[in-house]
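Shown next, in structure tokens, is the structure this report addresses.
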Number of protein chains: 2
Amino acid sequence: MAVSPAIEALKEALKALPGVGPKNAQRMAFHLMERNRDGAMKIADALTHALATVTTCQRCNTFCETDICEICSSSKRDRELLCVVETPADLQAIEQVGAYRGLYFVLMGKLSPLEGVGPDSLAFKRLNETVANNEIKEVVIATNITAEGETTADYTQQMLEPFNLKITRLARGVPVGGELEYLDQRTLVTAFKERRSID
Amino acid sequence: MAVSPAIEALKEALKALPGVGPKNAQRMAFHLMERNRDGAMKIADALTHALATVTTCQRCNTFCETDICEICSSSKRDRELLCVVETPADLQAIEQVGAYRGLYFVLMGKLSPLEGVGPDSLAFKRLNETVANNEIKEVVIATNITAEGETTADYTQQMLEPFNLKITRLARGVPVGGELEYLDQRTLVTAFKERRSID
């Protein structure tokens, strides 16, 4: 016997959240209805507002609420540098460390044949146009160092080869604070392969 | 630099979900905006609908969309049996196994001095009225077998003592399929203490 059709519908809807299965969705639905109706209202309002206002930057494809995002319209950015990332979350992580002053391009995902995500599902066509129509000298490919991220990086690199640009990748190796003893094997192998001479 | 104020607000709002911290809230917000806007819309609609329609049964205090819930208004239920549970989720778990045919009373929480939940925060007053005004012969206390659940059970028992009813608790012991070797110590101690004679 269903407690309430509205709660059943809510449980079903909450399963759209990443990493949330039936048990967790039920816990969330009951929690919100039982003791945080204000919070539930805020989530509904925030979702509705975000759906209505959040669009993607026409230049770099990241989330923004205007045609062109703050970074793309800033005069302080190096317009000859373009950093290609998978998602707005990656862009935000890079912005937070403040080590990069160029522009971005967000692919909105990664190539994943297993999940049916091919090149047409990502923003490669727009990346091509961006590179063709702007004064870019170097493209930094900053996809994740995962199987899918690497595939995406390789595809991006091949696509950009005809432009005769400088194409770079993020350095791979031992993370800062990393102890060799506890490092995974592949990182250690990479760190050896890509070792650099001390000037 | 914030990607979008609307997304920041959404991340903040999503933290109202149980077990969701800042990192997870960001992941959820980006996921919904990036690749499941339909899902986001469904969550917003389901929340709004549930907030508008879900109320609590005036008799047993569980979630329902009418004054009296389906169970309380059913003529097939044993009206002399009342099962006290912490939450609608517990009620649903008991209903799913179909081993109980009486009525329920939902406290909507458990006593938790550490979290500031005292007897006045739960529905004890209404439980008292329900027991006083109905032909109940036995109350089954089915709170969780946790420290807070046990405290809640003790309080319930003391509150109901003046009514001279039969008061029972769920049997505690080795769970079905449980292997003694891997059982926690407290369960094993309880199983010994509450061992029963074979008739």
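The values are calculated or read from the model by the stated rules, or taken from the named source; none is laboratory data. The structure presented is a predicted model; accordingly, all values stated were derived computationally and were not measured. Heads up, the Cβs are rebuilt from the backbone with ideal geometry, glycines too, and the neighbour counts pull from every protein chain shown.
Computed values, structure above
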| read-out | value |
| --- | --- |
| A:Ala13 within 7 Å of chain B (Cβ to nearest Cβ), at pLDDT 95 or above, assigned to a helix (DSSP H, G or I) and out of contact with any Lys or Arg (no Cβ under 6 Å at 6 or more places or on another chain) | no |
| Check on A:Ile141, crowded, with 19+ Cβ neighbours inside 10 Å and under 17 Å from A:Thr62 (Cα atoms) | yes |
| B:Leu81 vs. criteria farther than 18 Å from A:Phe30 by Cβ, touching a residue at least 24 places away in the same chain (Cβ under 8 Å), outside any helix (DSSP H, G or I) and touching a Leu at 6+ places or on another chain (Cβ under 6 Å) | no |
| Of all residues making up the range A:73-93, the number that are within 11 Å of chain B (Cβ to nearest Cβ) and among the hydrophobic types (A, V, I, L, M, F, W, C) | 3 |
| Any hit, the range A:47-56, residues being in a helix (DSSP H, G or I), crowded, with 21+ Cβ neighbours inside 10 Å and more than 16 Å from the chain's Cα centre (by Cα) | yes |
| Breaking point among (1) surrounded by 16 or more Cβ atoms within 10 Å (Cβ to Cβ); (2) part of a loop (DSSP other than H, G, I, E, B), for A:Lys76 | (1) |
| Residue list for the range A:16-41, filter: hydrophobic (A, V, I, L, M, F, W, C), more than 7 Å from chain B (Cβ to nearest Cβ) and under 26 Å from the mean Cα position of the chain (by Cα) | A:Val20, A:Ala25 |
| For B:Leu114: the one exception among (1) more than 23 Å from A:Ala25 (Cβ to Cβ); (2) touching a residue at least 12 places away in the same chain (Cβ under 8 Å) | (2) |
| Every pair of residues 6+ apart whose Cβ atoms lie under 7 Å, when the first sits in the range A:51-72 and is at the interface with chain B (Cβ under 9 Å from one of its Cβ atoms) and within 19 Å of B:Arg35 (Cβ to Cβ) while the second is part of a helix (DSSP H, G or I) and among the charged types (D, E, K, R) | A:Leu51/B:Arg37 |
| Failed condition for A:Ala99, given (1) at the interface with chain B (Cβ under 8 Å from one of its Cβ atoms); (2) loosely packed, with under 15 Cβ neighbours inside 10 Å | (1) |
| Test: residue in the range A:37-47 that is touching a residue at least 60 places away in the same chain (Cβ under 8 Å) and of a type in the set (Asp, Glu) | no |
| Subset of the range B:150-171 [over 24 Å from B:Phe192 (Cα atoms) and hydroxyl-bearing (Ser, Thr, Tyr)] | B:Tyr155, B:Thr156 |
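For every residue, the table says whether it meets (1) touching a helix residue (DSSP H, G or I) at 6+ places or on another chain (Cβ under 6 Å); (2) surrounded by fewer than 18 Cβ atoms within 10 Å (Cβ to Cβ); (3) among the aliphatic types (A, V, I, L, M); (4) assigned by TED's automatic domain parsing to the domain that holds B:Lys110.
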{"site": "B:Leu17", "(1), (2), (3), (4)": "yes, no, yes, no"}
{"site": "B:Pro22", "(1), (2), (3), (4)": "no, yes, no, no"}
{"site": "B:His31", "(1), (2), (3), (4)": "no, no, no, no"}
{"site": "B:Asp38", "(1), (2), (3), (4)": "no, yes, no, no"}
{"site": "B:Ala44", "(1), (2), (3), (4)": "yes, no, yes, no"}
{"site": "B:Cys72", "(1), (2), (3), (4)": "no, no, no, yes"}
{"site": "B:Glu80", "(1), (2), (3), (4)": "no, yes, no, yes"}
{"site": "B:Glu86", "(1), (2), (3), (4)": "no, no, no, yes"}
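To keep it simple, each residue is scored yes or no on (1) among the charged types (D, E, K, R); (2) at pLDDT 95 or above; (3) over 25 Å from B:Ala13 (Cβ atoms); (4) in contact with a Phe, Trp or Tyr (Cβ under 7 Å, 6 or more places away or on another chain).
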site: A:Ala40; (1), (2), (3), (4): no, yes, no, no
site: A:Ala46; (1), (2), (3), (4): no, yes, no, no
site: A:His49; (1), (2), (3), (4): no, yes, no, no
site: A:Ala52; (1), (2), (3), (4): no, yes, no, no
site: A:Thr56; (1), (2), (3), (4): no, no, no, yes
site: A:Phe63; (1), (2), (3), (4): no, no, no, no
site: A:Cys69; (1), (2), (3), (4): no, no, no, no
site: A:Ser74; (1), (2), (3), (4): no, no, yes, no
site: A:Pro88; (1), (2), (3), (4): no, no, no, yes
